[in-house]
Amino acid sequence: MFLPLARAQEKNMRTERNYWRGWLLVGLLVALAFHNTVRAAGGDRAPLTAVLGAMPDEVHLLESRLQDKQVQEHLGMKFFSGTLVGRRVVVAYTGIGKVNAAMTTTLVLDHYQPAEVLFTGVAGGINTNLGPGDIVLGERVAQHDFGEVSDQNFQTQPTDNPRTGQHNPLFFAGADRLLAVAGAAAQSVSWEQLVTTQGARTPQVRRGVIVTGDVFVASPVKCAELRTKFKADAVEMEGGAVAQVCAQQGVPCLVIRSLSDRADATANLDFKKFFQAAAANSAHLTEAILRQLAAGTTP
Ligand code: SAH
């Protein structure tokens, strides 16, 4: 008599245990479904910054310091994502020139939906008050080689936005918030010194006009033209394309350029001499900007 009673009690307890286990499983499944829905909507993700540069050596410093680094390939281009100084980032190099820059910017916007795009790298100096290593923050960025050529002259024209059918502005504006963050972040950077014939130089950082074209400029005549037509401070080969893609998609963008040369007759030699230190300083400033974005301290 005693034994069947004990067995019945044991059976009851087992049924009760299974009952609670069942509810636990349902609870877990509901939590998982909720988590995946929020994730798919991007809701539980911190904002992400895209960091682009033209050449591997312009982004390597940043890419090599990524935490939880993952590599993804889109159309054969590599994108490195992870965390840098507390900010979620995706880092890539675009390749030289406007077509490559536009292609990689489009891919990064489409696949990662960044909150902003930072472009870091070197440029030729056009403003005679600036020297190797100085940094220009692209307050205004234009394409100097888009326009109409006649026997008499070359007339610059604005590009078109195929989404709206309207003209783009000739100058794309750097995002105000990013310009302010960059200016403040510059105070905290430990710069690499550039040793020139005038001695070691600590970079000055200033806002300015950056012009872009599919040519390496090594010509004082072209420099004078870019100064007259655009009041350009620096010339390079990607920023205008990145700024155009970002403007057409409504994504804030800042082009950061450290001067490797003066775009003159010795530009090729200077480029070789100053490239590494100039590229490193632009990367250091980019990292300082990311630190401020991570901290949420907008000046
Ligand atoms: N000899 C190098 C040149 C690269 S092109 C090579 O073949 O690897 C120069 C790169 O640096 C471009 O990405 C451009 O954005 C920038 N740049 C630096 N100085 C420049 C200048 N004087 N004119 C145009 N772009 C310049």
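The values are calculated or read from the model by the stated rules, or taken from the named source; none is laboratory data. Since the model is a prediction, treat every value here as computed from it, not as a measurement. Cβ placement follows ideal geometry from the backbone for every residue including glycine, while neighbour counts extend to all protein chains displayed. All accessible areas refer to the heavy atoms of the entire protein, side chains included, with ligands and DNA or RNA removed. Shrake-Rupley method; radii C 1.70, N 1.55, O 1.52, S 1.80 Å.
Does region 269-285 contain at least one residue that is modelled with pLDDT of 95 or more and at positive phi? It would help to see each step written out before you state the result.
Just the residues of region 269-285 that are modelled with pLDDT of 95 or more, to begin with: 269-285.
Narrowing the set further to residues that are at positive phi leaves none.
No, the conditions are met nowhere in region 269-285.
Could you please let me know if Gly97 is closer than 21 Å to Asp270 by Cβ, within 16 Å of the ligand (Cβ to nearest atom), surrounded by fewer than 20 Cβ atoms within 10 Å (Cβ to Cβ) and modelled with pLDDT under 95? Reasoning before the result, please.
Values: closer than 21 Å to Asp270 by Cβ: yes; within 16 Å of the ligand (Cβ to nearest atom): yes; surrounded by fewer than 20 Cβ atoms within 10 Å (Cβ to Cβ): yes; modelled with pLDDT under 95: no.
It is false that Gly97 is closer than 21 Å to Asp270 by Cβ, within 16 Å of the ligand (Cβ to nearest atom), surrounded by fewer than 20 Cβ atoms within 10 Å (Cβ to Cβ) and modelled with pLDDT under 95.
Based on this model, can you work out whether Thr104 counts as surrounded by 19 or more Cβ atoms within 10 Å (Cβ to Cβ), within 15 Å of the chain's Cα centre (by Cα), modelled with pLDDT of 95 or more and under 18 Å from Leu75 (Cα atoms)? Steps first, answer last, please.
Working: surrounded by 19 or more Cβ atoms within 10 Å (Cβ to Cβ): yes; within 15 Å of the chain's Cα centre (by Cα): yes; modelled with pLDDT of 95 or more: yes; under 18 Å from Leu75 (Cα atoms): yes.
Answer is yes for this residue.
So for region 72-79 (the condition being within 27 Å of Lys272 (Cα to Cα) and open to solvent by 20 Å² or more (accessible area, probe 1.4 Å)), does at least one residue qualify? Show your work before the answer.
The initial filter retains those residues of region 72-79 that are within 27 Å of Lys272 (Cα to Cα), namely 77-79.
Then drop every residue that is not open to solvent by 20 Å² or more (accessible area, probe 1.4 Å), which leaves 77-78.
The answer is yes, given that some residue of region 72-79 is within 27 Å of Lys272 (Cα to Cα) and open to solvent by 20 Å² or more (accessible area, probe 1.4 Å).
Condition check: farther than 30 Å from Ser190 by Cβ and not charged (D, E, K, R). Does Val141 satisfy that?
Working: farther than 30 Å from Ser190 by Cβ: no; not charged (D, E, K, R): yes.
Criteria not met by Val141.
Hey, any hits in region 215-231 for a residue that's within 13 Å of the ligand (Cβ to nearest atom), more than 24 Å from the chain's Cα centre (by Cα) and of a type in the set (S, T, N, Q)?
Within region 215-231 (the criterion being within 13 Å of the ligand (Cβ to nearest atom), more than 24 Å from the chain's Cα centre (by Cα) and of a type in the set (S, T, N, Q)), the answer is yes, since at least one residue qualifies.
Suppose we keep only residues that are of a type outside the set (Ser, Thr, Tyr) and part of a loop (DSSP other than H, G, I, E, B) within region 52-66. Which one would you say is nearest to the ligand (Cβ to nearest atom)?
Kept after step one, since they are of a type outside the set (Ser, Thr, Tyr), are these residues of region 52-66: 52-63, 65-66.
Right, trim to part of a loop (DSSP other than H, G, I, E, B) and you get 54-55, 65-66.
Working: Ala54: 4, Met55: 6, Arg65: 22, Leu66: 22 Å.
Applying the filter and picking the extreme gives Ala54.
Among the listed residues Gly240, Gly208, which satisfies the condition of being within 28 Å of Leu48 (Cα to Cα), within 16 Å of the ligand (Cβ to nearest atom) and either in a helix (DSSP H, G or I) or touching a Cys at 6+ places or on another chain (Cβ under 9 Å) (or both)? Lay out the reasoning, then the answer.
Numbers: Gly208 fails: either in a helix (DSSP H, G or I) or touching a Cys at 6+ places or on another chain (Cβ under 9 Å) (or both).
Result of the check over Gly240, Gly208: Gly240.
Mind checking which residues of region 117-142 are within 14 Å of Ala182 (Cα to Cα) and open to solvent by 10 Å² or more (accessible area, probe 1.4 Å)?
Glu139
Give the residue that is nearest to the ligand (Cβ to nearest atom), with candidates limited to residues of region 113-135 that are of a type in the set (Val, Ile, Thr) and farther than 18 Å from His284 by Cα. Outline the logic, then answer.
Within region 113-135, the subset of a type in the set (Val, Ile, Thr) is 117, 120, 122, 126, 128, 135.
From the residues that got through so far, the ones that are farther than 18 Å from His284 by Cα too are 126, 128.
Values: Ile126: 9, Thr128: 14 Å.
Ranking the candidates gives Ile126 first.
Tally the residues that are within 26 Å of Val99 (Cα to Cα) and open to solvent by 50 Å² or more (accessible area, probe 1.4 Å), restricting the search to region 197-227.
Summing the residues that are within 26 Å of Val99 (Cα to Cα) and open to solvent by 50 Å² or more (accessible area, probe 1.4 Å) in region 197-227 gives 9.
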